[in-house]
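As structure tokens, the structure follows; a few thoughts come after it.
The values are calculated or read from the model by the stated rules, or taken from the named source; none is laboratory data. This structure is a prediction, so every number in the text was calculated from the model and none was measured. Neighbour counts run over all protein chains shown; Cβ positions are idealised from the backbone, glycine included.
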Amino acid sequence: MPELPEVEVVRSGLARHLVGHQISEVDVLHPRAIRKHVAGAKDFQARLAGLTIEAIRRRGKYLWFELDDNQALIGHLGMSGQFLLLPLSAEEEKHLRIRFEFADWPMQLRFVDQRTFGGMSIDELEIDESTGEGVPSTVAHIARDPFDPKFELAPLVTKLRSRHTEIKRLLLDQSVVSGIGNIYADESLWRAGIHPTRLGSSLTKVQLELLMNSAKEVMADALAAGGTSFDDLYVNVNGESGYFERSLAVYGRRGEPCSRCGKPIVRAAFMNRSSHYCPACQRPPRAR
DNA sequence: CATACCGCCTGTTAGC
DNA sequence: TGCTAACAGGCGGTAT
């Protein structure tokens, strides 16, 4: 599942190849892929033709292509989205949703998404007067992620301590801190020795600082592993970096011994999904 | 406002 | 063997 490290691998790979190219033609093959673009597929296609990709940016799990005239093409991979750069002759994927061609480059950018939780839309870039920084309005409600140069730890810790809800919910809430999904939430909590159902308000400043530093650390490790794993002209992220298989401490490891203390890892239902944790290293809160 | 929960999707796997 | 149910889970909308 693409979380911040996987999206960043995609962003940097796309940026390396796509910046400077002019979009000539767009085909939407599945309407659900542009459901957030209310004006529909025809409008989506018409508005992009002729625009040049000037930069590719990311906040949390959202990425966007900066185009001429402060237009932005926003993309979210959802659960199963992929961006592929392929020769025009490459066979069509079963779950191909959107196809882009370029005026000056004989390659296709393809958005492929089996489960259609991902999608793309077009938005005006909103420029902040003081910083000169632009963010599409679709992304305005997303908090800065731990890799953002303007990310600030202290106000985040204060916010977490003010919330009477479970810490894992807060980690997954993209309006609090962005980029973290179920996998890296579980890994961060294990590294920091914090049980996922502890309330934000029950944790100390030091514990929360350790937690956020752990989150950044685990995602940096994943990024380092994933960033080396794709070749020049084929960008493919399905949440599967080499790191994914080798280095996870708790996620997907129910029953296996904790690498710190040897106790079996537990899997528990949480928010219609699951949490993995060590029952000894991550002590549960007292019953409320 | 803060918090909780559901529906959207499809391919794979576990279990009977 | 063949079927069904569970599971994967980010996110936006809605209910409390």
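Got at least one residue in the range A:160-168 being modelled with pLDDT of 95 or more and more than 13 Å from DNA strand B (Cβ to nearest atom)?
no
Is it fair to say residue A:158 is without any contact (Cβ under 8 Å) to a residue 24 or more places away in the chain and either hydroxyl-bearing (Ser, Thr, Tyr) or in contact with an Asp or Glu (Cβ under 7 Å, 6 or more places away or on another chain) (or both)?
yes
Give the residue that is surrounded by the most Cβ atoms within 10 Å (Cβ to Cβ), with candidates limited to residues of the range A:109-136 that are without any contact (Cβ under 8 Å) to a residue 60 or more places away in the chain and within 11 Å of DNA strand C (Cβ to nearest atom).
A:114
In the range A:12-27, is there at least one residue being in contact with a Leu (Cβ under 9 Å, 6 or more places away or on another chain), at pLDDT below 90 and not assigned by TED's automatic domain parsing to the domain that holds residue A:171?
Among the residues of the range A:12-27, at least one is in contact with a Leu (Cβ under 9 Å, 6 or more places away or on another chain), at pLDDT below 90 and not assigned by TED's automatic domain parsing to the domain that holds residue A:171, which makes the answer yes.
Whether any residue in the range A:86-108 is on the phi > 0 side of the Ramachandran plot and either away from DNA strand C (no atom under 15 Å from the Cβ) or buried (at least 16 other Cβ atoms within 10 Å of the Cβ) (or both) is what I want to check.
no
Mind checking whether some residue in the range A:34-43 is part of a helix (DSSP H, G or I), crowded, with 17+ Cβ neighbours inside 10 Å and either more than 21 Å from the chain's Cα centre (by Cα) or within 15 Å of DNA strand C (Cβ to nearest atom) (or both)?
There is at least one residue in the range A:34-43 that is part of a helix (DSSP H, G or I), crowded, with 17+ Cβ neighbours inside 10 Å and either more than 21 Å from the chain's Cα centre (by Cα) or within 15 Å of DNA strand C (Cβ to nearest atom) (or both).
In the range A:137-173, which residues are more than 14 Å from DNA strand C (Cβ to nearest atom), among the polar types (S, T, N, Q) and part of a loop (DSSP other than H, G, I, E, B)?
Within the range A:137-173, just A:162 meets the criteria.
Assuming residue A:102 fulfils every condition listed in (1) modelled with pLDDT under 90; (2) under 21 Å from residue A:45 (Cα atoms); (3) not basic (Lys, Arg) apart from one, which condition is it?
Residue A:102 satisfies all of (1) modelled with pLDDT under 90; (2) under 21 Å from residue A:45 (Cα atoms); (3) not basic (Lys, Arg) except (1).
Tell me, which residue of the range A:59-96 that is within 15 Å of DNA strand B (Cβ to nearest atom) and out of contact with any Gly (no Cβ under 8 Å at 6 or more places or on another chain) is nearest to residue A:149 (Cα to Cα)?
A:82
For residue A:13, which of the numbered conditions (1) crowded, with 19+ Cβ neighbours inside 10 Å; (2) small (Gly, Ala, Ser); (3) within 16 Å of DNA strand C (Cβ to nearest atom) fails to hold?
Evaluating residue A:13 over (1) crowded, with 19+ Cβ neighbours inside 10 Å; (2) small (Gly, Ala, Ser); (3) within 16 Å of DNA strand C (Cβ to nearest atom) leaves (3) as the failure.
Taking the conditions exactly as written (within 23 Å of residue A:72 (Cβ to Cβ) and modelled with pLDDT of 95 or more), does residue A:148 satisfy them or not?
yes
What's the total number of residues in the range A:166-209 that are surrounded by fewer than 19 Cβ atoms within 10 Å (Cβ to Cβ), acidic (Asp, Glu) and either within 20 Å of residue A:220 (Cβ to Cβ) or touching a Phe, Trp or Tyr at 6+ places or on another chain (Cβ under 9 Å) (or both)?
Total meeting the criteria: 1.
Looking at the range A:184-213, which of its residues are among the aliphatic types (A, V, I, L, M), within 16 Å of DNA strand B (Cβ to nearest atom) and in a helix (DSSP H, G or I)?
A:185, A:208
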